[in-house]
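Structure first, then comments.
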Amino acid sequence: MVIKYVHNGRDLYSEQQQDIEKFSKAIDQYLRGEIEEDVFRVIRLNNGIYGQRQGGTNQMIRIKLPAGSITPEQLETMADVATEFSRGWGHITTRQNIQFHFVQLHRIPDLLSKIARVGLTSREACGDTVRNVSACHLAGACPYEVSDVTPWAEAVFRHFVRNPLGQRLPRKFKVNFSGCSTDCGQAMFNDFGVVAVTRTGHDGKLERGFRVYIAGGLGATPHPALALEDFTTREELLPTIEAALRVFDQTGNRDNKLRARMKWVVDQLGIDEVRRRVINLRKTLPASSSWPGGIPPEVLEHGDEPAGLSGEATPVGQGVAVTLRSRDPYQRWVEASVIRGTSDGKVSAVAYAQLGDITADQFRALAAIQRQLGADVRLSNRQNVVFRSIEESELPELYAQLQAIGMAVPGAELARDVVACPGADTCNIAITQSRGLAKAIGTQLEDEGLSEVGGVRINISGCTNSCGQHHASDIGLFGVERRANGQAVPGYQLLVGGYVGEEQIHFGQKALRLPAKSAPEAVARVVRRFASEKQSGESFQLWLSRIGGASVIADDLRDLDHVPGVDVNPDYYVDFDEQSPFTADVGASECAT
């Protein structure tokens, strides 16, 4: 069976087939030397394909999953891709995509045809385009939401995919949705962030709409997103996004990629001028052939009514202090992983994917579970899998089946749920092995009995570009090169106090730099101190402020900022998951945030 979909009269499946045919021809021409490298790179990236640090024809493909939604057929296809084209497993990204590595270039068209048959694409998952449209993993199943933003995210994806407006932007353009101010979708650090809100009309009735934020970003120079206007109506949301994209296209820096994102447009023109341009341009869009005004067909078809609140609901969002009280493995999983409180009485549950990795066998098992339960499944920006809209009575069966595939570990909102980008395992611009450090931190926390401390998020990036979102976590680390005793040493900058939620964002503050091999102990010390010193109901951010901030954390870790001589401990000069001495081999940037 082939899944086809249409948007505003466009047959997106047929467009995708044409794309695949054109890309296949371009690959053949490139391999024959008829297309120059720089030209082919643009073609490749716009089709969602990155080169790898291994070079040659090794490629990474990034498959877009708008709002993180995935079906059983798509999960099974991921299993096929893992075994037929990659290395047996896939990786969930912090933007709800799935990536596969070590795919050979000449096999890409076959892979694209396979995912197209189940309604998936990699088109514009990379490059200077409108990237995957992300959303809260609980959208449509959250007791606190104002609107179900799922169909809105799908509508934005369908409107902009292959849209001429978004093919050669100055830089990438990221759109995120959250269904309420808790902002689990992380709207506050994106080029265009959408938060569902309400206002009281002149007739006293509540009107549902949105508050939109623009020009946020992480990377080496993080910027908080800024509000465009107090309230955007449902009818004007898509025109507002298109107007912002057009302003970005017109004013973004095309001469310097490092200063080309929307955040730099605001830095140059000022937020007031950018607001004026976006709103003025929005007024003229009804005259455009691409005007997306009115309620999108995806919203009209599926509806966006909120799930509704009933009784006492499970807290959600960063800073939630999960506490495990039971000794029973099933009950411990329920305490950490189950979200309750929607008006229909259904529940959601998180399946823990360590480091965001899922094997082919796990993909197939997840598909079987989803079919059996009739569940709605989403990928989260913390690289886990969420089963939604299931009956309370189905939880024991879900747990048993997840346990059988190693995904029933209590992980959600606990310290063991470490998030990491792919790092120097495959990324051209990564400095360090972020995945290796994540595993080492996990092991240290487990060994010290700290892995189940709640209310602390740990995120790691292999470089400053923040694909691991280290700026927005309680404890963040990014890879750096250190020099010690005349040699290169893998290292990390430690940050503390990052937070995103309640329509605000605080970026982590730098504490100190550490050799990579000292980083697990450093993280364990911070987690241990937080667990022992926090007061009842105190979040990591409040605790950090009370004890004196990043400088106090740095003072507590100074003794770890020491690199012994290579003759004393050569391990310090070798990165995690490596065998040979560390070198900071950085290639051409294709993936910088």
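The values are calculated or read from the model by the stated rules, or taken from the named source; none is laboratory data. Here the structure is a predicted model, which is why all the values come from computation and not from measurement. Cβ atoms come from the backbone with ideal geometry, glycine included; neighbour counts cover every protein chain shown.
Below is a table of values for the structure above.
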item: Residue under evaluation Gln383, criteria (1) within 24 Å of the chain's Cα centre (by Cα); (2) crowded, with 21+ Cβ neighbours inside 10 Å; (3) at negative phi, criterion not met; result: (3)
item: Lone qualifier among Ser24, Ser113, Ser86 - being of a type outside the set (Val, Ile, Thr) and either out of contact with any helix residue (DSSP H, G or I) (no Cβ under 8 Å at 6 or more places or on another chain) or closer than 29 Å to Asn459 by Cβ (or both); result: Ser86
item: Identity of the residue in region 352-378, buried (at least 19 other Cβ atoms within 10 Å of the Cβ) and outside any helix (DSSP H, G or I), that ends up farthest from the chain's Cα centre (by Cα); result: Ala375
item: Strands (runs of 3 or more DSSP E) contained entirely in region 57-169, each with at least 2 residues that are in contact with a Pro (Cβ under 8 Å, 6 or more places away or on another chain); result: 98-104
item: The listed residue being more than 20 Å from Glu502 (Cβ to Cβ) and touching a strand residue (DSSP E or B) at 6+ places or on another chain (Cβ under 7 Å), out of Leu245, Leu269, Leu228, Leu258; result: Leu245
item: Check on Ala400, at pLDDT 95 or above, in contact with a helix residue (DSSP H, G or I) (Cβ under 8 Å, 6 or more places away or on another chain), of a type outside the set (D, E, K, R) and in a helix (DSSP H, G or I); result: no
item: Members of region 501-555 found to be out of contact with any strand residue (DSSP E or B) (no Cβ under 8 Å at 6 or more places or on another chain), in a strand (DSSP E or B) and either surrounded by 15 or more Cβ atoms within 10 Å (Cβ to Cβ) or assigned by TED's automatic domain parsing to the domain that holds Val194 (or both), listed by number; result: Gly501
item: Any chance Val527 is in contact with a Leu (Cβ under 7 Å, 6 or more places away or on another chain), touching a residue at least 60 places away in the same chain (Cβ under 8 Å) and either closer than 27 Å to Pro315 by Cα or of a type in the set (Phe, Trp, Tyr) (or both); result: yes
item: Test: residue in region 107-114 that is surrounded by 24 or more Cβ atoms within 10 Å (Cβ to Cβ) and touching a residue at least 40 places away in the same chain (Cβ under 8 Å); result: yes
item: The lone exception for Leu437 - which of (1) buried (at least 23 other Cβ atoms within 10 Å of the Cβ); (2) in contact (Cβ under 8 Å) with a residue 60 or more places away in the chain; (3) on the phi > 0 side of the Ramachandran plot it fails; result: (3)
item: Count of region 152-183 residues which are among the aliphatic types (A, V, I, L, M) and over 29 Å from Glu305 (Cα atoms); result: 2
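Residues checked against (1) at pLDDT 95 or above; (2) assigned by TED's automatic domain parsing to the domain that holds Phe363; (3) buried (at least 21 other Cβ atoms within 10 Å of the Cβ); (4) touching a strand residue (DSSP E or B) at 6+ places or on another chain (Cβ under 7 Å):
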| position | (1), (2), (3), (4) |
| --- | --- |
| Ala26 | yes, no, no, no |
| Glu34 | yes, no, no, no |
| Gly48 | yes, no, yes, yes |
| Thr57 | no, no, no, yes |
| Pro66 | yes, no, yes, no |
